[in-house]
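Since every read-out is calculated from the coordinates, none of them should be taken as a lab result. What you are looking at is a predicted structure, and each value in this text was computed from that prediction instead of being measured. Here Cβ is always computed from backbone atoms with ideal geometry, including for glycine, and neighbour counts include all displayed protein chains.
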Amino acid sequence: MNNTHKRSMVSGYGGLPFGVISECKVGNVGVLGVPSEVDKGSRIGASLAPDALRKMTQQLDTNLPANGRDLGNLDVSGDWSSSLMELISHLVNIDVLPIVIGGTSDVANVILQALPDLPVVASMPLARHDLVERTENTVWLGLNGEQPIEVWDQINTRNMVWSTARQLDEQQAITIKAPKSAILWIDMSVIDLGHAAGTIGLNPGGIKPETLVSVVGAMDCNWKSIVITGLAPTLDTRGLSELAAIETINQALSNG
């Protein structure tokens, strides 16, 4: 068995060894796949995202700039949301950064419930009522123009920080003021379909992948959890969607 084959079998996301929660130490990252799937529509494949991202990091010879463990994939049969909530709460309490790879948006919903007192930096095409109504303000990145009027009213009333995909793409250098600590939620549907087709949502006029990476990388924030959702690898034969997700995570870790 050559070294390449051996490594592909024993290393997880970003070159991390596979392991269990008890092996995670203070300051580590813990990568967890949650392969939930969309229940309707033609753009399926979100359940394949965790393993596809692991494979892509190995092909790119990418290593995370932090120690830690790849905790494998959560069993999403039965009441998986309760298990995920308990796991995330535990990791954050012991000062381990959970990087959660979905899956669909229900994965992020559980993270938000597990960490209700933290602000959120959310990169997605459409604002969500549940995020608008959180106690701590949400920072919105890459919104499109299709928000319901009542959502815009709530965002403006609470003086939330927000930017559209067009604003971010057209400004050569932009720094978004981030909270000191926050959850980072990247829904890959925020990316324009023409640049990265592997998303479960259609978003023509979305943000460019390089803009997303740059904006997140410039944010000085202590991330308490990073969540990736909405990636459907089989819809992007070039792998650009996976590459954007990986580079965004790396940038968040390098500056957060």
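Tell me whether the range 82-161 comes out rounded, prolate or oblate; compute the Cα gyration tensor, take square roots of the eigenvalues as a ≥ b ≥ c, and use a/c under 1.5 as the rounded threshold.
On the way: a/c = 2.47, a/b = 1.89, b/c = 1.31.
Prolate, since a/c reaches 1.5 and a/b exceeds b/c.
Put in line by how crowded their Cβ is, counting other Cβ atoms within 10 Å and starting with the fewest, W162, W80, W185 read W80, W162, W185.
Express the relative contact order of the range 53-179 as a whole percentage, based on alpha carbon pairs under 8 Å and six or more residues apart in sequence.
Values: 104 pairs, mean separation 20.0, N = 127.
Reported relative contact order: 16 percent.
Taking +1 at the Cβ of each Lys and Arg and -1 at the Cβ of each Asp and Glu, which of L53, G239, L64 sits farthest along the dipole of the chain towards its positive end, judged by Cα position relative to the Cα centre? Of the options given, the answer is L64. Determine the shape class of the range 1-154: with a ≥ b ≥ c the square roots of the Cα gyration tensor eigenvalues, call it rounded for a/c under 1.5, and otherwise prolate if a/b is greater than b/c, oblate otherwise. Prolate. About its Cα centre, the dipole of the chain is roughly 540 debye, where the only charges are +1 on Lys and Arg Cβ and -1 on Asp and Glu Cβ. Counting Lys and Arg as +1 and Asp and Glu as -1, what is the net charge of the other residues whose Cβ lies under 11 Å from the Cβ of G102? So the surrounding residues net to -3. Calculated mean residue ellipticity, 222 nm, the chain: -10000 deg cm²/dmol, from DSSP H runs (n ≥ 4) at -39500 (n - 2.57) each, averaged per residue and rounded to 500.
For the chain, averaging the sequence separation of C-alpha pairs within contact (under 8 Å, six or more residues apart) and dividing by the residue count gives a relative contact order of 21 percent. Each peptide among 98-106, 58-66, 207-215 gets the average number of other Cβ atoms lying within 10 Å of its residues, and from highest to lowest they stand as 98-106, 207-215, 58-66. Within the shell of other residues whose beta carbon sits under 12 angstrom from the beta carbon of E23, the net charge comes to +1, with Lys and Arg scored +1 and Asp and Glu -1. Mind jotting down a quarter of the surface of the convex hull over the alpha carbons of the range 24-67, in square nanometres, one decimal? Mean projected area for the range 24-67: 4.2 nm², to one decimal.
The magnitude of the dipole of the range 142-205, with charges of +1 and -1 set on the Cβ of Lys/Arg and Asp/Glu and taken from the Cα centre, is near 320 debye. Mind checking which aspartates and glutamates have their C-alpha under 19 Å from K25, skipping anything on the same chain fewer than 8 residues away? Cross-link targets: D70, E86, D95.
Applying both filters, DSSP loop and at most 15 other Cβ atoms within 10 Å, to the trypsin sites (Lys or Arg not before Pro) of the range 31-79 gives K40.
In straight-distance terms, cross-link reach from K177 covers every one of the lysines whose alpha-carbon lies under 19 Å from its own, apart from those fewer than eight places away in the same chain; here that gives K224.
L143: net charge of surrounding residues, Cβ under 12 Å, Lys/Arg +1, Asp/Glu -1, itself excluded?
Numbers: positive: R128, R166; negative: E146, D187.
Summing Lys and Arg as +1 and Asp and Glu as -1 gives 0.
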